[in-house]
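Structure first, commentary second.
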Amino acid sequence: ETPQIMSWYKVPDDFPRDKNQIPIGRGIDGVQVLLLNDAGQLTGIGELGEIYIRTPYLTRGYVNDEPLTSARFLPNPFRSETVDRIYRTGDMARLSPDGSIEYVGRKDTQIKIRGFRIEVGEIELVLARLPDVVAVAVVLREDIPGQRQLVAYLVLDQHRLVTVAALREAIAEELPEYMIPSAFIPLDTMPLTPNGKIDRGALSELPLDRSAAGNEYVAPRNDLEEALASLWQEVLMLNKPPGIHDDFFELGGHSLLSAQLLSRVEKMLGQEVRLGQFFAQPTVAALADEFESIQSESDGLRKELVNGSPGQTTPDFWRHAPELYKQILAYSGSWR
């Protein structure tokens, strides 16, 4: 459709060695590379856009395929001459401050999850920059109908040790929460198609085994932890209950599922759990400890109320007074 070579980039001597991708640069003589957004306007620096090629050397179109020709070969929206055409590549990129273009991925890999439109190439680009990552592919999986999730498959540097928590923390500095994959699955090698590209279809058929990325399994130590682990299994739709030290978000959880989980915990245990505390320590063990701490504090307030003599007002009693009404409501059923 276009010249075989469309852009160039001179790699400087001080180019970062840990950067996995070299920019595609700028158009060669006689080729203009344009980045346009969905509205057909030129993108700004750092903004994601689709690559369009403007050159007098475009082919006339596709043989005996007028619909595809019309979809790919378009009139230049910035010029009035009908002979001035641009070619829509389907590739996504962003403009760097130095004027060079940084390739991101194919537009046909865009997906929509939880109401957000996501370009998986952006996630792969951020992960590929990490020094521990040799190769990466992010795919959308829906193993259970209605439960769509992003899964990152990675080939990691065998000479370095990296945890899933470290990977999540690193990319969370650049990506919003809805773009962070639910699971990170290490692989020895990437499956490839006959022409050497990553076989995303083969990745989607691999068993979704999160155990390789999790902590060592520790079984529940009491009835409370066992009940919470079972609840996690239902909310996250896991094949088996998690260990008490497994991270909720590393198991595929996200903000919406965490709200659902805590709502069900509150109904099951009759006690509200502080959301901030759960985000700080999203494990079964920490959640159980938090609940037992709240229960212990509540029992102390209840005992102080029941044992206090009429008319007695101690400083400790009034210190807890703002919480007293809540505790009366919470335990009124058991006092009858």
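The values are calculated or read from the model by the stated rules, or taken from the named source; none is laboratory data. If you're wondering where the values come from, they're calculated on a predicted model, not measured in any experiment. Cβ sites come from the backbone with ideal geometry, for glycine too, and all protein chains shown count toward neighbours. Surface accessibility is based on the protein's heavy atoms, side chains included, excluding ligands, DNA and RNA. Shrake-Rupley method; radii C 1.70, N 1.55, O 1.52, S 1.80 Å.
Let me check I've understood the local charge: for residue 149, count other residues with C-beta under 9 angstrom from its C-beta, Lys and Arg +1, Asp and Glu -1. What total comes out?
Numbers: positive: 141, 148; negative: 142, 143.
So the environment of residue 149 carries a net charge of 0.
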*Quick one: how many Å² of residue 218 are accessible to a 1.4 Å probe, rounded to 10?*
50
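Relative contact order for the range 1-102 using alpha-carbon pairs under 8 Å, separation at least 6, rounded to a whole percent? All intermediate terms of the calculation are to be shown ahead of the outcome.
On the way: 175 pairs, mean separation 31.3, N = 102.
The value is 31 percent.
Please label the shape of the range 47-122 as rounded, prolate or oblate, based on the square roots a ≥ b ≥ c of the eigenvalues of the alpha-carbon gyration tensor (a/c under 1.5 means rounded; beyond that, a/b larger than b/c means prolate, else oblate).
Numbers: a/c = 2.43, a/b = 1.46, b/c = 1.66.
Since a/c reaches 1.5 but b/c is at least a/b, the shape of the range 47-122 is classed as oblate.
Less than 15 Å Cβ to Cβ from residue 111, Lys/Arg counted +1 and Asp/Glu -1: what total charge do the surrounding residues give?
+3
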*Roughly how many debye, to the nearest 20, is the charge dipole of the range 7-100 about its Cα centre, given +1 on each Lys and Arg Cβ, -1 on each Asp and Glu Cβ, and no other charges?*
120
*the range 160-276 - accessible surface per residue (Å², probe 1.4 Å)*: 57
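What is the packing order of peptides 255-261, 223-229, taking the mean over residues of other C-beta atoms within 10 Å and listing the highest first? If you can, show how the numbers build up before the last one.
Values: 255-261: 15.4, 223-229: 18.0.
In decreasing order of mean packing, 255-261, 223-229 become 223-229, 255-261.
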*Using a 1.4 angstrom probe, figure out how much accessible area the range 4-65 has per residue, in square angstrom, rounded to the nearest whole.*
70
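For the range 85-137, which whole percent of the accessible surface, found with a 1.4 angstrom probe, sits on carbon and sulfur atoms? Before the final figure, lay out the partial values.
Details: 1070 of 2040 Å².
Of the solvent-accessible surface of the range 85-137, carbon and sulfur hold 53 percent.
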*Give the shape of the range 18-66 as rounded, prolate or oblate, defined through the alpha-carbon gyration tensor: a ≥ b ≥ c are the square roots of its eigenvalues, a/c under 1.5 means rounded, and otherwise the shape is prolate if a/b is larger than b/c and oblate if not.*
prolate
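For the range 14-70, which whole percent of the accessible surface, found with a 1.4 angstrom probe, sits on carbon and sulfur atoms?
Values: 1810 of 3700 Å².
Here carbon and sulfur together make up 49 percent of the probe-accessible area.
In whole percent, how big is the carbon plus sulfur part of the accessible area of the range 168-293, probe 1.4 Å, protein atoms only?
Working: 3360 of 6790 Å².
With neighbouring chains kept in place, the figure for the range 168-293 is 49 percent.
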